[in-house]
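K.L.:
Here you go, one structure.
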Amino acid sequence: MSYLIDSHSHLDFEDFDKDRDSVIQRAFDSGLKAIITIGTNLESSKKSIALAEKYENIFATVSLHPIDVDKEEFIGLTFLDLAHHPKVVAIGETGLDYYHSSDKEKQKQVFQKLVQIAIEVEKPIIIHSRDADEDILFLLKEMALPKSRGVIHCFGRDYEMAKKFLDLGFLISYTGNITYGSERQKSITEVPLEKIIVETDCPFLAPVPFRGQRNEPSCVKYVAEKIAEIKKIDFSAVAEQTTKNCIKLFNLPII
């Protein structure tokens, strides 16, 4: 059986309040080896940790998402304390979002502070970039970075942009939106499989044939299948390598 990891989910969101345990069970029954649930603000980060404490192969991240910097004060010491939790495997998602939030300077400040936390706790960063690639690249080149670097989440730009992040030591993560058409598939052929991980970003971005419905971790297989189709390789090769990449990046204590 080919195992997968959903490297980016939002299982703490209210979309799963009615059937969260069933969704998680369905994911593991479908062949997932692990799920990483992503903190987006202080409450979300704490809920993600609680889920990770409840389930052996669920892991958490902590962060203040760039679209939340206008809604919540960033308390560095609190996030640093959470980041030390043994089941927190990364800091993020963090980065810049110029589509949803207009306070660019505040986003940059929080992003830089979260990168510093990642360095201190020696964990990778998960980067969210929307309409902000050049500014993120500039900041990444200016800052010290965690040794394990991290991943560019929900990537959908061309290979030229992907290579700029790859050259800095980051992995590339693809979501269900690569099943929507060729626009978000531009880089997949050229990005080496050894630099790719897969995710759902659930409850968002459900892949075809579930587009428009609530997404969930079990659907990550459709992302892997699409990558296999585009690269013209076996699904098992994609599942094996992306799982290996994810375990290494996040230092997951699973075999």
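Bear in mind these aren't lab numbers, they're just calculated from the coordinates by the rules spelled out. No experiment lies behind these values; they were computed from the predicted model shown.
K.L.:
What ³J(HN,Hα) values, in whole Hz, does the Karplus curve 6.51 cos²θ - 1.76 cosθ + 1.60 give for region 73-80 when θ = phi - 60°, with x put for Gly and Pro?
P.N.:
These are the phi-based 3J(HN,Hα) values: 6, 7, 10, x, 5, 5, 5, 4 Hz.
K.L.:
Which pairs, out of 46/123; 87/226; 164/221; 54/226; 106/244; 87/244, put more than 25 Å between their alpha-carbon atoms?
P.N.:
Working: 46/123 17 Å; 87/226 30 Å; 164/221 27 Å; 54/226 32 Å; 106/244 36 Å; 87/244 18 Å.
Flagged as over cut-off: 87/226; 164/221; 54/226; 106/244.
K.L.:
Please list 3J(HN,Hα) in residue order for region 142-157, calculated via the Karplus relation 6.51 cos²θ - 1.76 cosθ + 1.60 where θ = phi - 60°; whole Hz, with x for glycine and proline.
P.N.:
8, 9, 5, 10, x, 4, 7, 6, x, 9, 8, 7, 6, 6, x, 9
K.L.:
Separate question: Per-residue HN-Hα couplings for region 134-139, Karplus 6.51 cos²θ - 1.76 cosθ + 1.60 at θ = phi - 60°, whole Hz, x for Gly and Pro?
P.N.:
So the Karplus estimates, Gly and Pro as x, are 5, 5, 5, 4, 4, 5 Hz.
K.L.:
Something else about it: Sum -39500 (n - 2.57) across every DSSP H segment of at least 4 residues in the chain, then divide by the residue count to get the 222 nm mean residue ellipticity, nearest 500. Spell out each step's value before the answer.
P.N.:
Values: 8 runs with 96 residues, N = 255.
Computed ellipticity for the chain at 222 nm equals -11500 deg cm²/dmol.
K.L.:
Explain nothing, just the number: relative contact order of region 97-255, from Cα pairs under 8 Å at least 6 residues apart, as a whole percent. If you can, show how the numbers build up before the last one.
P.N.:
Working: 236 pairs, mean separation 26.6, N = 159.
Relative contact order here is 17 percent.
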